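*Asks:* Quick one: the structure is below, questions incoming.
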Amino acid sequence: MKIVDYDMKSIIDQELNNGSNDLVTRETGNRIRERIERELKLLKESVIILLDFSNIGIIDYSCGDEIVAKLVSRLISGEYGEKYILIKGLNPYQQENIEVALERKRLSVLNLTEKGPLEIIGPLNNYLKETLFFVMRNGKMTSREVADRLGIELNTSSTRLINLYKKRLLIRREELLNAGGRQFIYESILLNLN
């Protein structure tokens, strides 16, 4: 799967050309998001979008809402096709403003951190977190494997995995079976980062 890395500082330099490294005001966020959206619409294949905030100073709530929350919202509504978003390079203050924006819209996104491979920013039910981290630890799994190993019903496992896929927190691939029919394999986004 293709990875598209957006260095937010480079985008600020190109779009605003004001020498700032801060993401403040709704207008700024809207401009940055529209730039990213123009590029996403040209990409027809499955893509992991990596938003890198490493070289950014301040991110206020308005900018976090315009860039991250709106991108995630439109992503899960299907506007961009088969795409996934990861965030990296956030400091605690930046993360707090983005998290508030995501919480207000009941959205979640995965954050690459230095202390561990991934964390969730935004609200996610405990049972979905458990299932998400279980699949991430194992790389990829079917609904049957998750049900058997977590000791839950198959329909419960399937529902959880579908919800995680719809939130674009897991990748889903279809596999044709030798005996006929098909099954879905759910996999960690991390498997596709190398």
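*Asks:* Got a number for residues in segment 80-97 being in a loop (DSSP other than H, G, I, E, B) and buried (at least 16 other Cβ atoms within 10 Å of the Cβ)? Step through it out loud before you land on a result.
*Replies:* Applying the first criterion (in a loop (DSSP other than H, G, I, E, B)) to segment 80-97 yields 80-82, 89-91.
Remaining after also requiring buried (at least 16 other Cβ atoms within 10 Å of the Cβ): 80, 89-90.
Residues in segment 80-97 being in a loop (DSSP other than H, G, I, E, B) and buried (at least 16 other Cβ atoms within 10 Å of the Cβ): 3 in total.
*Asks:* Would you tally the residues in segment 1-36 being closer than 15 Å to Leu71 by Cβ, within 20 Å of the chain's Cα centre (by Cα) and of a type outside the set (A, V, I, L, M, F, W, C)?
*Replies:* Of the residues in segment 1-36, 7 are closer than 15 Å to Leu71 by Cβ, within 20 Å of the chain's Cα centre (by Cα) and of a type outside the set (A, V, I, L, M, F, W, C).
*Asks:* With respect to Leu107, is the statement that it is in the same structural domain as Asn21 (by TED's automatic domain parsing) and within 19 Å of Leu40 (Cβ to Cβ) true?
*Replies:* Numbers: in the same structural domain as Asn21 (by TED's automatic domain parsing): yes; within 19 Å of Leu40 (Cβ to Cβ): yes.
It is true that Leu107 is in the same structural domain as Asn21 (by TED's automatic domain parsing) and within 19 Å of Leu40 (Cβ to Cβ).
*Asks:* Residues Ile32, Ile98, Ile58, Ile36: which one is β-branched (Val, Ile, Thr) and under 25 Å from Asn163 (Cβ atoms)? Break it down into steps so the answer makes sense when it comes.
*Replies:* Details: Ile32 fails: under 25 Å from Asn163 (Cβ atoms); Ile58 fails: under 25 Å from Asn163 (Cβ atoms); Ile36 fails: under 25 Å from Asn163 (Cβ atoms).
From the options Ile32, Ile98, Ile58, Ile36, the qualifying one is Ile98.
*Asks:* Are any residues in segment 1-14 exposed (fewer than 14 other Cβ atoms within 10 Å of the Cβ) and more than 21 Å from Lys83 (Cβ to Cβ), and if so, which ones?
*Replies:* Gln14
*Asks:* What pairs can you find where one residue is in segment 125-143 and charged (D, E, K, R), the other is in a strand (DSSP E or B), and their Cβ atoms are less than 7 Å apart, with a gap of 6+ or different chains?
*Replies:* As it stands, the answer is Lys129/Ile120; Lys140/Ile185; Lys140/Tyr186; Lys140/Glu187, since those pairs meet every condition given.
Results for (1) crowded, with 19+ Cβ neighbours inside 10 Å; (2) on the phi > 0 side of the Ramachandran plot; (3) over 20 Å from the mean Cα position of the chain (by Cα), shown as yes or no for each residue.
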position	(1), (2), (3)
Asn111	yes, no, no
Lys115	no, no, no
Thr156	no, no, yes
Glu174	no, no, yes
Ala179	no, no, yes
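*Asks:* OK, next. List pairs: first residue in segment 55-79 and surrounded by fewer than 20 Cβ atoms within 10 Å (Cβ to Cβ), second residue basic (Lys, Arg) and part of a loop (DSSP other than H, G, I, E, B) anywhere in the structure, Cβ distance under 8 angstrom, at least six positions apart or on different chains.
*Replies:* Ser73/Lys105; Ile76/Lys167; Ile76/Arg168
*Asks:* Another question about this same structure. If you go through segment 138-194 one residue at a time, how many are assigned to a helix (DSSP H, G or I) and either farther than 19 Å from Val47 by Cβ or touching an Asp or Glu at 6+ places or on another chain (Cβ under 9 Å) (or both)? It would help to see each step written out before you state the result.
*Replies:* Going through segment 138-194, the residues assigned to a helix (DSSP H, G or I) turn out to be 138, 143-150, 154-166, 189-192.
Next cut, either farther than 19 Å from Val47 by Cβ or touching an Asp or Glu at 6+ places or on another chain (Cβ under 9 Å) (or both) only: 138, 143-150, 154-163.
Total meeting the criteria: 19.
*Asks:* Could you check segment 173-192 and list, in sequence order, the residues that are of a type outside the set (Gly, Ala, Ser) and under 13 Å from Met136 (Cα atoms)? Even if it seems obvious, please write down each step before you answer.
*Replies:* Looking only at segment 173-192, we keep the residues that are of a type outside the set (Gly, Ala, Ser), and these are 173-178, 182-187, 189-192.
The answer is Ile185, Tyr186, Glu187, Ile189, Leu190, Leu191, Asn192.
*Asks:* Kindly provide the set of residues from segment 1-22 that are among the β-branched types (Val, Ile, Thr) and in a helix (DSSP H, G or I), ordered by number. Spell out how you get there, then give the answer.
*Replies:* So in segment 1-22, the residues among the β-branched types (Val, Ile, Thr) come out as 3-4, 11-12.
Those that are among the β-branched types (Val, Ile, Thr) and in a helix (DSSP H, G or I): Ile11, Ile12.
*Asks:* Please specify each residue of segment 6-51 satisfying the condition of being closer than 26 Å to Leu170 by Cβ and among the polar types (S, T, N, Q).
*Replies:* Ser46 - this is the single residue of segment 6-51 that is closer than 26 Å to Leu170 by Cβ and among the polar types (S, T, N, Q).
The values are calculated or read from the model by the stated rules, or taken from the named source; none is laboratory data. Since the model is a prediction, treat every value here as computed from it, not as a measurement. For neighbour counting, all protein chains shown are included, and Cβ atoms are generated from backbone atoms with ideal geometry for every residue, glycine included.
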